[in-house]
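J.: Right, I'll just put the structure down here and ask away after.
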Amino acid sequence: MTQPAQFGTFFLPGPTEVRAEVLEAMLRPMLPHRGATYEAMHARIVDGLQSVFRTQRPVYLMSCSATGAMEMAIRGAPEGPILSLVNGAFSERFARIAQSCDRSTRVLSVPLGDTPHLEQVEEALVEGGFGGAHFAAVTVVHSETSTGALSDIRAITELAHRHGAMCLVDSVTGVAGQPVETDAWGLDFVLTGSQKALALPPGLAFAVASEAFVLQASVAPSRGRYLDVIEYEEFARRSQTPNTPALSLLYAAERQLEAIRHAGIEARWARHADMLAMTQRWVESVRAKGVDIAYLCRAGERSATVSALTLPEGMQAKAVVARVAEAGYVIGAGYGALKDSTIRIGHMGDHSVDTLEPCLAAVERALR
Ligand SMILES: *Cc1c(COP(=O)(O)O)cnc(C)c1O
């Protein structure tokens, strides 16, 4: 029933490999999205996602890619300037969205591969935005998929709160792949997309807003319509979405969340931690054989879902990716400014050390 893989096994940092069982769930017939059957399914999906996000709050089921949820966060954010912490392509996207929603935005950048420096963040929060106005919100990317850097969203949220700002977290390659404690860490807004660590097809975004975020959003001036957090909150109370949801994708999500619940979210995090550990050991062993590859990020700041590796001088990412593809594995070239000089291996979703090992072996052969 399912098509044979056309491109090989996916170790891209998105979209990720989707299991046949999950793809097959999408073949179910349509159902009316205003009715008890839909509402029951919606409630089951939200319940599954609540244990993934570790929250008691409703999780919004959005029929758009993750960027839509990033825009929802900005549009619903409290009035006032926004501090955007930028350490790669996706955190830069967050800043651009804030700017294009006409928000006064200050960008605090660190070099690619780094994570935001807490002292600098605090300094910026004290200084404030243009004219010294106090920041209303901070944007941060948990796992910067373009570099593989993992930021301390718990500490950054604490800092933001201490200075009266809310913290908006893009955890697209964090959620479902490494610890995210939405409620315990007091995250004001946190979002992910379906096609990363959740190992679903692209097309859905999932987001959680704190009660405080929703309260203040009700007076936010330009929330727009399609991405209005208040609409989502109201419809969530009756297990519905404001507009027609992407039903087939929700069928897939329902199936996948059942499997995730069965295995347990902590086991899922541990499986990802094991894949990072294996990749780190593999990099060391390849280096010991004289191939000069290296992690872009410092140890201890590496995402459990994606590794960005700097290639030896003169080696082109495109060529390495093509050779790995011939062996049947799809990995990523670098992103943005790192396009040619790095490769990215997405070790996330339903992969394990068992499926990752042959992929790393193929990358190793391609590097020789
Ligand atoms: C993939 C990704 C996005 C954007 O995802 P789309 O689904 O393409 O909108 C945003 N942030 C991060 C960190 C990502 O990895």
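The values are calculated or read from the model by the stated rules, or taken from the named source; none is laboratory data. The model shown is predicted, which means the values in this text are computed figures rather than measured ones. Note that we place each Cβ from the backbone using ideal geometry, even for glycine, and neighbour counts take in every protein chain shown.
J.: Being farther than 27 Å from E233 by Cα and β-branched (V, I, T) is true for just one of T105, T139, T115, T67. Which residue is that?
T.: Exactly one residue qualifies, and that residue is T115.
J.: Kindly indicate whether A304 is in a loop (DSSP other than H, G, I, E, B), at pLDDT 95 or above and touching a helix residue (DSSP H, G or I) at 6+ places or on another chain (Cβ under 7 Å).
T.: yes
J.: Could you tell me how many of the residues in region 158-191 are in a loop (DSSP other than H, G, I, E, B) and out of contact with any strand residue (DSSP E or B) (no Cβ under 6 Å at 6 or more places or on another chain)?
T.: 12
J.: Let me ask something else about it. Among (1) more than 16 Å from the ligand (Cβ to nearest atom); (2) closer than 30 Å to R96 by Cβ; (3) in contact with a strand residue (DSSP E or B) (Cβ under 7 Å, 6 or more places away or on another chain), which single condition is E79 missing?
T.: (3)
J.: Under the condition of being within 8 Å of the ligand (Cβ to nearest atom) and of a type outside the set (G, A, S), which residue from region 193-211 is farthest from H347 (Cα to Cα)?
T.: Going through the qualifying residues, I end up with P202.
J.: Against the definition (of a type in the set (G, A, S), crowded, with 18+ Cβ neighbours inside 10 Å and either within 29 Å of A294 (Cβ to Cβ) or within 13 Å of the ligand (Cβ to nearest atom) (or both)), how does A98 come out, yes or no?
T.: Details: of a type in the set (G, A, S): yes; crowded, with 18+ Cβ neighbours inside 10 Å: yes; either within 29 Å of A294 (Cβ to Cβ) or within 13 Å of the ligand (Cβ to nearest atom) (or both): no.
It is false that A98 is of a type in the set (G, A, S), crowded, with 18+ Cβ neighbours inside 10 Å and either within 29 Å of A294 (Cβ to Cβ) or within 13 Å of the ligand (Cβ to nearest atom) (or both).
Listed here are the residues, each with its yes/no results for (1) surrounded by fewer than 22 Cβ atoms within 10 Å (Cβ to Cβ); (2) within 16 Å of the ligand (Cβ to nearest atom); (3) closer than 25 Å to R344 by Cβ; (4) outside the structural domain of L338 (by TED's automatic domain parsing).
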| residue | (1), (2), (3), (4) |
| --- | --- |
| S84 | no, yes, yes, yes |
| L108 | yes, no, yes, yes |
| H117 | yes, no, yes, yes |
| Q120 | yes, no, no, yes |
| G131 | yes, no, no, yes |
| A137 | no, no, no, yes |
| H163 | yes, no, no, yes |
| V172 | no, yes, yes, yes |
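J.: Further question: Give me a count of the residues in region 324-354 that are in a helix (DSSP H, G or I), surrounded by fewer than 16 Cβ atoms within 10 Å (Cβ to Cβ) and in contact (Cβ under 8 Å) with a residue 40 or more places away in the chain.
T.: Counting residues in region 324-354 that are in a helix (DSSP H, G or I), surrounded by fewer than 16 Cβ atoms within 10 Å (Cβ to Cβ) and in contact (Cβ under 8 Å) with a residue 40 or more places away in the chain gives 4.
J.: Let me spell it out: the conditions are (1) part of a helix (DSSP H, G or I); (2) without any contact (Cβ under 8 Å) to a residue 60 or more places away in the chain; (3) within 16 Å of the ligand (Cβ to nearest atom), and A155 meets all of them except one. Which number is the exception?
T.: (3)
J.: May I pose another question? If S51 meets every condition in (1) of a type in the set (S, T, N, Q); (2) surrounded by fewer than 18 Cβ atoms within 10 Å (Cβ to Cβ); (3) within 16 Å of the ligand (Cβ to nearest atom) apart from one, which number is that one?
T.: Among (1) of a type in the set (S, T, N, Q); (2) surrounded by fewer than 18 Cβ atoms within 10 Å (Cβ to Cβ); (3) within 16 Å of the ligand (Cβ to nearest atom), S51 violates only (3).
J.: Could you please find all residues in region 227-278 being without any contact (Cβ under 8 Å) to a residue 24 or more places away in the chain and not in a helix (DSSP H, G or I)?
T.: Scanning region 227-278 gives P242, G264.
J.: Criterion first (over 24 Å from V180 (Cα atoms), touching a Phe, Trp or Tyr at 6+ places or on another chain (Cβ under 8 Å) and not hydrophobic (A, V, I, L, M, F, W, C)) does P242 satisfy it? Give the steps one after another, and end with the answer.
T.: Details: over 24 Å from V180 (Cα atoms): yes; touching a Phe, Trp or Tyr at 6+ places or on another chain (Cβ under 8 Å): yes; not hydrophobic (A, V, I, L, M, F, W, C): yes.
So P242 passes the test.
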